[in-house]
Amino acid sequence: MEDYKEDNLVLTQENYRWRVSGVFDFMQLHFGDGEADLSRPIAWYLARDPQLAREFAQTYLRKKPPRPGFAKRFPVYMLQDRAILWEFFQRHGLRWWDEKWTFRDWASQYVSVDVIL
């Protein structure tokens with residue numbers, strides 16, 4: 001769905017424990033590869049604290065080991081997500097980065113799997 005994050009979750013409490021019981025987003029919902037959904041939260045954490053991004057990714061992947069080939073797929077998922085957001089930001093005039101930056105300048109900081117593993 002490309003926007004799996006705290007703001008789009010529905011939680012249910014059962015026996016004093018919380019669990020995700022639903023996910024919603026009113027923009028571009030579709031079913032796809034769940035590993036692709038890691039792109040957005042990891043990028044969000046990377047922009048704020050790279051160590052937090054690494055901790056999030058490593059903890060997630062320890063609890064749910066990825067399929068073989070994850071290190072090759074993940075940069076493509078991240079690039080796809082950055083392209084979706086770039087288009088949205090450009091269309092709505094929402095830029096907070098240097099106006100001289102190209103898409104490559106902006107997206108390249110996110111696509112290296114080494115920053116999270």
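Observations
- Going from the residue with the fewest nearby Cβ atoms within 10 Å to the one with the most, Val20, Val111 rank Val20, Val111.
- For region 47-61, putting each phi into the Karplus relation 6.51 cos²θ - 1.76 cosθ + 1.60 with θ = phi - 60° gives couplings of 5, 9, 7, x, 5, 5, 4, 4, 4, 4, 5, 5, 5, 4, 6 Hz, in residue order, rounded to whole numbers and with x for Gly and Pro.
- Those lysines that a straight Cα-Cα span of less than 21 Å connects to Lys5, excepting residues fewer than 8 apart in one chain: Lys63, Lys64
- Gln80-Leu117 FRET efficiency (beta carbon distance; Förster radius 22 Å; 0.05 resolution): 0.70
- Förster radius 30 Å - calculated FRET efficiency between Glu87 and Phe24 (Cβ-Cβ, nearest 0.05): 0.85
- Under 5 Å, built H, 5+ apart or other chain: amide partners of Val23: Val10
- If you model the chain as an ellipsoid using its alpha carbon gyration tensor, with each semi-axis the square root of five times an eigenvalue, the axes come out at 25, 19, 14 Å, biggest first.
- For the peptides 42-54, 6-18, the ranking by mean Cβ contacts within 10 Å, running from highest to lowest, is 42-54, 6-18.
- Computed log10 I(q)/I(0) for region 54-117 at 0.13, 0.20, 0.23, 0.25 Å⁻¹: -0.44, -0.84, -0.98, -1.07, from the Debye equation with unit scatterers placed on every C-alpha and solvent omitted.
Only the coordinates and a few stated rules stand behind these numbers; no lab work does. Fair warning: this is a prediction, and the values are worked out from it, not measured in the lab. Counting neighbours? That spans all protein chains shown, and the Cβs are built from the backbone with ideal geometry, glycine included.
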